[in-house]
């Protein structure tokens, strides 16, 4: 009888081993990478003389870097089960305030071109990051202390931050900076690799380490996985939720400076629609909208995928209106695909 039991156990082990490879699980884990490679191959076939060139691919990576930096912060937020719809407006606010300080106007409403104030590039970066951090802190407090749902709180932030940006810039841009201001946004290493791409990858690596290998990262996943269980286990869930909104605010503020540096102009209308691109990047990368599952590596792939899709469609002369439709469909498909690949495991 014992032999039969052992044989049965062995048989179960073998059958489990055969089931060890699941196509559904494989696609769930590597779907974004597979889709990204497929898109690059597809557009390279259609545009062999322009799309697969190193210069074009690095330009796509540079385009992805700014939204990708914000998406890294959004990953922290969505992992807790939250959302931030204000990132586009906060990015514009941080950029225009940093530009105003860099220009050295006597007040925030003084946006005339002039010599720099001596605050320097480092000072401008600190100002932009401070604006983003304060914006994230305010929204985090509204969510955790006033118990306003993140969707509503950040929707209010989207409107308020945009209005404040238009007020500070008098509805117009602040532009014409010196070369030192433009280095981070426009500079390249070896005349090929854009500096924003390096910054993006370094930030992604740091965020990945924080989420996967630190106690704080485990707390973030715990809050997103089961908020009540995390609270009962002794975690200060309110502080953790507040911190993730501060993180996305900080990275959004830096992104605002980087965009102004790249464009040589801080636009009052910068970042319009950025929240769509950022959330799409995170969701396509496999982070669950209900929280508790996902990661930064997927977000990096999602950011590249969205920008490859946009760049490829642009080279095919597809209008921006159609591009928005397609990106919206991709978001819906990504959520469906995520649910599909996880259904069997659940």
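The values are calculated or read from the model by the stated rules, or taken from the named source; none is laboratory data. These figures come from a predicted structure and were not determined experimentally. Here the Cβ positions follow ideal geometry from the backbone for every residue, glycine too, while neighbour counts run over all protein chains shown.
Regarding residue 172, is this residue modelled with pLDDT under 95 and surrounded by fewer than 18 Cβ atoms within 10 Å (Cβ to Cβ)? Yes, satisfied.
Here is a yes/no grid of residues against (1) in contact (Cβ under 8 Å) with a residue 60 or more places away in the chain; (2) over 25 Å from residue 47 (Cβ atoms); (3) part of a loop (DSSP other than H, G, I, E, B); (4) in contact with a helix residue (DSSP H, G or I) (Cβ under 9 Å, 6 or more places away or on another chain):
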| position | (1), (2), (3), (4) |
| --- | --- |
| 282 | yes, yes, no, yes |
| 288 | yes, yes, yes, yes |
| 291 | yes, yes, yes, yes |
| 297 | yes, yes, no, yes |
| 300 | yes, no, no, yes |
| 304 | yes, no, no, yes |
| 309 | yes, no, no, yes |
| 313 | no, no, no, yes |
| 317 | no, no, yes, no |
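Counting the residues of the stretch 286-305 that are modelled with pLDDT under 90 and under 12 Å from the mean Cα position of the chain (by Cα) gives 0. Kindly indicate the residue of the stretch 15-54 that is part of a helix (DSSP H, G or I) and exposed (fewer than 10 other Cβ atoms within 10 Å of the Cβ) and also modelled with the highest pLDDT among those meeting that condition. Out of the qualifying residues, it is 54. Has the stretch 170-178 got any residue that is part of a helix (DSSP H, G or I) and touching a helix residue (DSSP H, G or I) at 6+ places or on another chain (Cβ under 9 Å)? Scanning the stretch 170-178, I find no residue that is part of a helix (DSSP H, G or I) and touching a helix residue (DSSP H, G or I) at 6+ places or on another chain (Cβ under 9 Å), so the answer is no. Do we find that residue 268 is in a helix (DSSP H, G or I) and in contact with a strand residue (DSSP E or B) (Cβ under 9 Å, 6 or more places away or on another chain) in this structure? Judged against the criteria, residue 268 is not a match.
Which one is modelled with the highest pLDDT among residues in the stretch 185-198 that are surrounded by fewer than 20 Cβ atoms within 10 Å (Cβ to Cβ), in contact with a helix residue (DSSP H, G or I) (Cβ under 7 Å, 6 or more places away or on another chain) and under 30 Å from residue 294 (Cα atoms)? The qualifying residue modelled with the highest pLDDT is 195.
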